[in-house]
Structures are given as structure tokens and as C-alpha cells.
Amino acid sequence: MVNFSAKILNNAVAGMRAQQAVIANTGNNIANVSTPGYARRTVELQTRASGSASAFIDVGNGVEVGAIRRLSDAFIEKALRETGSDKFSYSVQKEFLSRLEPLFSLTGERATIGSTLTAFFTSVEDLAANPASLELRANLIARGEDLTNSISQTFKQVAALQQEADSRIATDIGVVNSITSQIASLNSSIKQYEAAGNATDNDNRDHRDTLLQQLAEKISFNSVEQSDGAVSIFLANGFTLVNGQTSRALEVTSTPSFVAGTQPPSLSGGILSSIVYDYDAGAGSSHFDLTQVIKSGGGSVGGLLQLRGFNDSANTSSFEADGALVAVASRIEAVARQLLTQINTTYLGPDRDAGTVGHQPSSGDLNGNNPSVFGLFTFEYNGAASRDVNGDGLPNDLASAVLGIDNFSSIMQLTISDPTAVAAARDASTGPPAAAVYPPGDGQNMDALSALSTTSMTFTVGSYSLTGTFDQIYNETVSHIGNAASAADINAAVAEDRYAAAANRRDETSAVSLDEEFTNLIKYQKAFQASARMIRIASDLLDEMVRLI
Amino acid sequence: MTRISENQKGRTLIDSIAKNRELFNKFSNEISSGYRVVNPGDSKQSATISLFRQTLERVEGYGSRLANVQSSLAFQDDIMLQVNDLMIRAKEIATQAANESNGSETRAQMSAEVFQMRDHLIQLANSRYQGRYIYGGADDDDPPYDTTTAFTFPASGDAATRYVFDAELGTSTTRTVKVTDDLSITTNTVGSTLFDNALYGLERLGRSLAGFATNPAVGAPDGSGDAYTFPGQLTQQTTDIQATLALFDTARESDIMQERVDIGGRMRRLDTASAILELNKASTTDALASLQDADIAESATNLTQAQTALEASMTVSLRILNISILDYL
């Protein structure tokens with residue numbers, strides 16, 4: 001004979017316990033409604049198994065808590081990570097390009113390379129019309145200074161952006177290292193907890209998913225969950241970042257020998273950093289270069305590398321037309337180099353002494369002197385070797401690339417500061433040596449200079465080469481930046497939308513809904529009350545039975 | 001059934017407010033700055049806008065140079081007109097003096113006026129425009145006609161002073177100024193081609209009247225310099241005076257008239273160029289405005305729409321956030 005009264009009591013108590021567990025879980029969900037990365041949990045209730053197979057009628061043994069399950073979908077999490085990588089890659093590019101754009105402002109209210117170029121050539125034409133005028137000579141000098149200033153300032157600002165991108169890469173890699181080591185230690189905790197026969201380690205898994213998400217914001221990676229609960233993280237080329245409980249810390253180095261391929265050009269001199277892993281603590285050959293693979297992926301580091309320029313085994317030029325900042329800098333540099341060569345050569349006039357080394361100037365200033373051997377523009381070079389081998393004022397080695405120091409844009413200046421020293425006139429003789437110079441009213445030299453504004457020439461720096469006039473090259477640069485910036489805008493907007501969609505899907509599955517929790521709370525509260533009522537009913541039944549005795 | 005979690009609600013509301021706020025800012029910036037396109041990324045036509053800006057700046061430069069050339073040419077034309085008048089007067093004097101009813105003394109008195117006319121001519125030939133000698137070519141910082149060379153056979157008084165066109169380097173240079181991309185205009189004429197005949201005529205007339213023999217064959221206007229002997233050489237004096245008439249005619253009809261016709265031609269080309277520049281400026285400004293400037297009416301309409309959308313998203317946010325299941329439990 002089964003004691004049903006005891007059964008009733010037991011089942012009622014089991015019910016109360018189970019509902020309490022459910023209510024406690026709901027409370028936890030509500031408490032974590034705003035916790036980032038928290039995946040809501042449900043308590044899985046199940047009927048309690050009867051002790052033994054019985055011949056008697058079994059009313060069941062009540063309820064028990066089966067497991068507390070974390071509602072998280074690995075594929076949705078993966079999609080969120082991937083869209084997150086894209087979003088951060090494009091948004092960092094958008095940010096940098098939007099800071100680059102105002103340097104090429106179109107309003108005409110701000111001095112740009114384009115406006116100072118036009119003003120410079122206008123001042124040349126003005127002086128050609130009235131060569132003896134001291135005001136117009138002073139104006140030419142002022143416009144020339146504006147031009148060199150705007151070229152060097154613009155170049156330096158592009159260089160500063162590159163430098164900033166480079167530093168941010170180093171900071172971000174520091175964050176990556178901290179995240180991978182935390183993931184490795186969480187792997188260890190989860191493994192131990194779950195191997196001990198406990199249920200899933202929900203809290204640590206939440207934490208780990210959040211860290212994976214943060215990692216995806218920095219770099220692209222693949223991850224695989226092992227059977228023991230640990231997550232392994234690989235880069236696209238198979239390089240393992242986290243394996244079980246160990247993680248590998250990446251290194252940011254500017255030691256060229258550690259780098260596979262050619263170092264990207266640094267616009268502000270010095271050497272840009274590369275991301276490597278050191279297999280053997282110290283020795284150069286044990287460094288494995290990961291820059292290329294990280295650049296090919298997304299995340300803020302990928303985006304920054306793409307902007308900054310990156311090492312590439314195929315690249316042998318000092319300015320490669322890859323990476324928006326380097327591409328813009330190449331164009332500025334190309335303009336600076338053509339100013340140095342074309343303007344200087346024309347300004348010095350025809351070489352009257354072709355047989356000898358060096359350029360014999362054949363133009364004359366207001367005082368009848370030949371102009372300085374350095375022409376109209378000059379450049380200062382602080383390194384060991386002279387860039388002007390034969391002393392003719394032209395950088396001889398323009399054609400051959402010298403890493404890191406080919407930035408004439410940042411060091412070019414106007415040679416002249418005295419208006420009377422502007423050589424507007426030409427030498428009247430036709431053979432060597434340079435002899436009688438035309439008087440002050442002669443503007444042949446300025447005529448020759450002004451013709452350069454409409455002369456088509458080939459602008460070459462590294463792999464960038466384009467033929468056109470100064471104005472056309474500048475306009476092409478404007479258009480290049482415009483396209484890069486609007487492409488970055490569009491990419492960033494698309495990535496943002498995709499990320500928002502992925503985040504919505506993730507939240508649809510995993511995030512807490514208060515409506516749902518409170519509705520459930522009432523349901524569970526009622527169930528708890530019902531179980532409590534069952535105890536009273538069981539008690540009444542027992543009382544009735546006692547009264548029978 | 002789609003589950004809407006608290007995170008989703010929050011994100012959607014924040015996103016929609018942020019997007020509407022961004023639009024609102026964009027349109028209000030358009031209205032306050034007056035530009036729709038500020039940076040290269042704002043338009044696919046950024047290179048064209050940049051080109052138009054350069055064109056405008058160049059046109060402005062051309063415009064100011066063109067105006068300068070115009071006023072210089074007008075000035076030169078005025079000089080030519082004065083030289084023309086001088087030549088007419090000189091011819092009158094020569095014709096009158098050639099009449100032998102004028103004795104050698106009367107002729108000597110007339111020479112004073114001729115030498116004054118010569119000085120006037122030199123003043124005109126040495127005219128300065130904006131501080132530079134117009135007829136000095138490239139050598140425009142000293143007078144093109146000076147008295148550094150004396151006659152081979154010096155006479156006395158005014159007749160001893162000889163003006164010669166400066167032979168220094170650059171005096172025969174003409175200068176051209178670019179007034180549009182395709183048009184260059186010559187701004188000056190070599191002084192000797194304009195004034196030499198006139199000067200020779202006046203000097204020879206003056207010297208003859210003053211009583212010094214002139215003989216073109218020896219070197220114009222450097223005659224023998226010997227004084228005529230009167231009355232024997234009165235006829236010779238008359239012949240010499242008459243000989244100057246041809247010089248005045250040449251000066252007036254070939255030199256001066258031709259120069260004036262030439263200046264007139266250049267002025268007309270400048271007028272055309274000026275009109276083209278104006279047209280270029282106007283059309284470029286219009287095109288630039290249509291590419292770059294904000295259409296205030298459109299921007300204002302957009303702003304109103306953006307404002308409505310922003311307010312709507314805020315109202316909706318408030319509504320949604322205010323609904324809580326707790327109010328019903």
C-alpha cells in the first residue's frame with residue numbers, strides 16, 4: 001500500500017523547490033538585463049524519476065531541476081564576431097580618411113596645395129607681366145612660401161596620421177595579447193569546472209564569448225570549441241593564438257630583419273612596425289611575420305594596417321600605391337619632386353656650359369646676378385649623405401628610391417627671401433660662359449616658368465605614375481581621396497548595418513526580455529503557491545485520517 | 001514569433017535617434033555654411049569642383065592683368081595722339097618756314113619753338129607708366145632717349161643737344177602678357193620705331209632753322225654742323241627745311257598711325273578676351289554653385305523633414321521606454 005499522503009507532501013516540496021530555483025534564475029536574468037555578453041538562462045525542469053519499477057500505480061515523484069541552460073547559438077555568435085571585425089575595420093578607416101579630407105577642402109576658404117599652386121603660378125604670370133616690380137617679386141616669394149608650407153604641412157599631417165595608425169596598431173596588439181591570455185585562462189577554468197562533473201560553466205562561458213567578441217573587434221580569427229570546452233583560436237593562415245590553456249603573445253617590432261618582405265615606407269622617417277611572433281625569445285630568425293595575414297583580415301588592426309601601408313614581398317618601391325595614406329602621400333611627393341626638378345631647371349635657365357659638370361645658370365635677378373645654384377626651391381637634408389651629388393640644386397637620386405628619407409615634400413623650402421634676388425630675366429648670350437643678363441624689365445624667365453603651369457609632365461613616385469599638369473595631378477589627388485573617403489563611408493555604413501542585424505539576432509536569442517521574465521515570474525509564483533497549497537491539502541488529509549482513529 | 005529583448009529595444013532606439021540626429025546636423029551645417037560639398041568625399045564631382053576653383057582663381061589673375069594691359073594701352077594711345085598733333089604742328093611750321101619770305105633771322109626765331117616741340121616729344125617718348133619707362137623695352141628703369149651721345153659736329157644752343165635712343169641691352173625687347181589661357185598680348189613697342197623719324201625731323205628742322213647745315217647723307221640728323229652762310233645758302237636752308245616734311249609725314253603716317261591702328265586692334269582683342277573671361281567666370285561660378293553650394297530651400301526642407309523624423313524617433317522612444325510590464329503587475 002502506497003502512502004499517498006507522503007507522496008503528496010514530497011511532490012509539493014519538490015515543486016516548491018523547483019519553482020524557487022526557477023524564480024531565482026529569473027531573478028538572475030533580470031539582474032543581468034544590461035550585462036554585456038550575458039546570455040539568458042532557462043531552468044530545465046524534469047519529472048523526478050521513480051525510485052524503482054513498481055507494480056503499483058505510480059502517481060509520479062514530482063519535479064526536479066534538470067539543468068540550467070544558457071541560450072546561446074554558436075553560429076550567431078560567430079556571425080556577430082565577423083560583422084564586428086568588418087565594422088571596426090571600416091570605421092577606423094572612415095575615421096582616418098575623414099581627418100585627411102579637410103586637408104583637401106573644396107571650399108576655397110582654406111589654403112590647400114591646389115589653391116597655393118594656382119596662386120603661385122598666378123604670381124609668376126603677374127611678375128612676367130611686370131618683371132621689375134618689387135611688390136610682385138615679394139608676392140612671388142610669399143606665394144612660393146605658401147606653396148612649400150602647404151605641401152610640407154599637408155605631407156606632415158598625412159605622415160602624422162600614419163604615425164598615429166602605427167601607434168594604435170601597437171596598442172591594439174597589446175589588447176589582443178591581454179584578451180588571448182584571459183581566454184586561455186578561462187579555457188582552463190571552464191575545462192576544470194565541467195570536467196569535475198558539474199553542469200556547464202555558464203558565467204565563464206559568457207565572459208569568454210564577450211572576450212571573443214572584443215578580440216574580433218581587433219583582428220579576424222577562426223575559433224573552434226574543443227570537446228573539453230576549451231576554445232582554440234587561429235589566424236587565417238593557421239597560426240595558433242590560443243590553444244587550450246596556452247596563448248601566444250604577439251610582438252610589435254620595428255626591427256627590419258624580423259620582417260618578411262619589404263618594410264612599408266614611413267612617411268615621417270624611421271621604420272614602421274610589424275606584427276611578429278617570436279618562437280625563440282630573441283633570435284632574429286625565429287620571428288614569424290604575421291603582418292600580412294592580419295592585414296588581410298578585418299578588425300581595427302586590419303583596418304589600420306590597410307591604411308598605414310604594409311609589408312609586401314612584391315613591393316620594391318619606397319612608395320607603394322597601396323594604403324590610402326601612402327597613396328595620398330605619393331601624390332603630394334610627386335608634385336613636390338616635379339616642382340623641385342621642373343621649376344628649378346627652368347628657373348636656372350638653359351645650361352650655357354653643357355660640357356662641364358653642374359648647371360651653369362643663365363638667368364638673372366634684379367641686380368644682374370645669376371640666381372643661386374639651388375634654383376627657386378631647395379631642400380634640407382639632415383642625413384649623412386648629400387642628396388645633391390653634383391651640386392646643381394637638383395636631387396640627383398630622385399629616381400632611385402631611398403627608404404624613409406625620400407620625403408622631399410616635408411623638407412622643401414623656397415631658396416629666395418630677397419625680392420631683388422628673384423631671377424625674372426634671361427641671359428642674353430647664347431654660349432658659355434653666362435654673360436650679359438637682360439635688364440630688370442625682362443621677364444623671359446618668368447614666362448618660361450608660367451608655361452610650366454600648363455605643361456603636361458609625368459609624375460612618378462614609386463609605383464604611382466600619372467601624366468598631366470600640376471593642376472590635373474592635384475585634382476586627381478582630390479578625386480582619389482574623395483573616392484577613398486566615400487567608399488570608406490559606404491563600407492562603414494554597410495558594415496554597421498550588418499553588425500546591427502547580427503547583434504539583433506544575437507539579442508533575439510540570448511538577451512533578456514523583461515516582459516518575458518516578469519510574465520514567467522508570475523507563472524512560477526503561481527506554481528509555487530499551488531505547491532504550497534498542496535502541503536496544506538496533504539496536511540488536511542492527514543488530519544482527517546487522524547480524526548478517524 | 002520574434003523575441004524582442006531589452007537590448008534590442010535600446011539599440012534600435014539609440015540607432016534611430018543617432019541616424020536622425022546625424023541627418024539633422026548635416027542639413028543644418030549645409031544651411032549655416034552654405035556648402036553642400038565641403039570635403040572631397042562629399043561629392044563624386046570633387047575633382048571637377050577643384051578644377052573650377054582653380055579656373056576661377058586663374059580667371060581672376062587674368063582679369064587683373066588684362067585690366068592693367070588695357071589701361072597701359074589706353075595710355076600709349078593717348079601718347080600717340082599727342083605725337084600725332086606734334087607732327088601736324090611741326091609740318092605746319094616747316095611749311096611756313098620753307099617760305100623764303102622768312103629771312104634767316106625769322107627762321108632762327110622759329111627754331112626755338114621747334115626745339116620745344118622736340119623736348120615735348122622726348123618727354124612723351126620717355127613716358128612712365130606705373131613707374132616704368134614704357135618705351136624702354138626690358139630696360140625700363142632708365143629713360144629710353146637720353147643725351148649721352150653728342151652730335152659729331154656740335155652746334156651751339158639748343159641745337160647742340162642730341163637725343164638718341166638708348167642702345168643698351170633689352171631696349172628692343174617687347175613684352176607679351178598672357179591675358180587668357182590662349183591669348184598673349186604685346187604690351188609695348190620698341191621706342192625707336194615710333195619716335196626716331198619724328199625726332200630726326202624735329203632735330204633737323206630745328207637745326208636748319210637755327211642756321212646749322214644738315215645733310216642726311218652724313219648721318220641723320222647729324223649734319224655737317226657748319227653754320228650756313230647767308231644769304232648765299234638761304235636756298236640750301238630752304239631745301240633742308242623742306243626735306244624734313246617727308247620725315248614728319250613718315251612719322252605720322254607710317255609710325256604713329258600704324259601704332260594707333262595696332263593698339264586699337266590689341267584693345268579690341270582685349271575687349272573680346274575680357275568678355276570671354278567674364279563669361280568664363282560667370283559660367284564657372286554658376287557651375288561651381290550648382291555642384292557645391294547648398295540649395296537653401298532644399299536644405300531647409302530637408303532640415304524640417306529631418307527634424308520631424310528626429311522628434312518622431314524621440315517621441316517613439318519615450319513611448320516605448322515608458323511601457324513597462326511592471327505597471328500592469
Here is a check on your reading of the model: is A:Gly62 touching a helix residue (DSSP H, G or I) at 6+ places or on another chain (Cβ under 6 Å), surrounded by fewer than 24 Cβ atoms within 10 Å (Cβ to Cβ) and not aliphatic (A, V, I, L, M)?
yes
All-but-one check, A:Phe88 against (1) within 29 Å of B:Tyr35 (Cα to Cα); (2) in a helix (DSSP H, G or I); (3) touching a residue at least 24 places away in the same chain (Cβ under 8 Å), failing number (1)
Quick check on the stretch A:422-436. Is at least one of its residues modelled with pLDDT under 80, closer than 27 Å to A:Ala129 by Cα, open to solvent by less than 30 Å² (accessible area, probe 1.4 Å) and not in a loop (DSSP other than H, G, I, E, B)?
yes
Condition test on B:Thr174, is it within 14 Å of chain A (Cβ to nearest Cβ) and among the hydroxyl-bearing types (Ser, Thr, Tyr)?
yes
Taking the stretch A:1-23 and keeping residues among the hydrophobic types (A, V, I, L, M, F, W, C) and free of Cβ contacts under 8 Å to residues at least 40 places away in the same chain leaves A:Met1, A:Ala6
Identify the residue in the stretch B:1-32 that is outside any helix (DSSP H, G or I) and of a type in the set (Ser, Thr, Tyr) and, among all such residues, is nearest to B:Thr315 (Cα to Cα).
B:Ser5
With A:Asn177, A:Asn139, A:Asn187 as the choices, which residue is within 30 Å of B:Val179 (Cα to Cα) and either open to solvent by 10 Å² or more (accessible area, probe 1.4 Å) or assigned to a helix (DSSP H, G or I) (or both)?
A:Asn139
Return a yes/no flag: does the stretch A:455-471 have any residue that is within 8 Å of another protein chain (Cβ to nearest Cβ) and either assigned to a loop (DSSP other than H, G, I, E, B) or within 26 Å of A:Ala119 (Cα to Cα) (or both).
yes
Among the residues of the stretch B:277-291, write down those that are among the hydrophobic types (A, V, I, L, M, F, W, C) and surrounded by fewer than 18 Cβ atoms within 10 Å (Cβ to Cβ).
B:Leu279, B:Ala282, B:Ala287, B:Ala289, B:Leu291
Of the residues that sit in the stretch A:482-492 and are surrounded by fewer than 19 Cβ atoms within 10 Å (Cβ to Cβ) and in contact with a Lys or Arg (Cβ under 9 Å, 6 or more places away or on another chain), which one is farthest from the other protein chains (Cβ to nearest Cβ)?
A:Asn491
Answer with yes or no whether A:Val301 is modelled with pLDDT of 85 or more, open to solvent by less than 10 Å² (accessible area, probe 1.4 Å) and hydrophobic (A, V, I, L, M, F, W, C).
yes
Of B:Asn7, B:Asn25, which residue is facing chain A (nearest Cβ under 10 Å) and free of Cβ contacts under 8 Å to residues at least 60 places away in the same chain?
B:Asn7
Selection within the stretch A:7-49 - of a type in the set (A, V, I, L, M, F, W, C), open to solvent by less than 40 Å² (accessible area, probe 1.4 Å) and under 19 Å from A:Met534 (Cα atoms):
A:Ala12, A:Ala14, A:Ala18, A:Ala21, A:Val22
Take the conditions surrounded by fewer than 16 Cβ atoms within 10 Å (Cβ to Cβ) and either at the interface with chain A (Cβ under 8 Å from one of its Cβ atoms) or closer than 30 Å to A:Ala502 by Cβ (or both) and apply them to B:Thr2. Does it pass?
yes
So which residues in the stretch B:75-106 are open to solvent by 50 Å² or more (accessible area, probe 1.4 Å) and under 30 Å from B:Leu277 (Cβ atoms), if there are any at all?
B:Phe75, B:Asp78, B:Leu81
Give the stretch A:502-547 a look and list any residue that's open to solvent by 40 Å² or more (accessible area, probe 1.4 Å), within 8 Å of another protein chain (Cβ to nearest Cβ) and either modelled with pLDDT under 90 or within 30 Å of A:Ile76 (Cα to Cα) (or both), or say none.
A:Asn504, A:Glu508, A:Thr509, A:Leu514, A:Asp515, A:Glu516, A:Thr519
Residues of the stretch B:292-329 being among the hydrophobic types (A, V, I, L, M, F, W, C), in a helix (DSSP H, G or I) and surrounded by fewer than 17 Cβ atoms within 10 Å (Cβ to Cβ), which ones?
B:Ile296, B:Ala297, B:Ala300, B:Ala312, B:Met314, B:Val316, B:Leu318, B:Ile320, B:Leu321, B:Ile325, B:Leu326
Please indicate, with yes or no, whether at least one residue in the stretch A:305-318 is at pLDDT 85 or above, surrounded by fewer than 24 Cβ atoms within 10 Å (Cβ to Cβ) and of a type in the set (S, T, N, Q).
yes
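The values are calculated or read from the model by the stated rules, or taken from the named source; none is laboratory data. Computed from a predicted model, the values in this text were never measured in an experiment. Reconstructed Cβ throughout: ideal geometry from the backbone, glycine too, with neighbour counts over all protein chains shown. We work out accessible area using only protein heavy atoms, side chains counted, and drop any ligands, DNA or RNA first. Shrake-Rupley method; radii C 1.70, N 1.55, O 1.52, S 1.80 Å.
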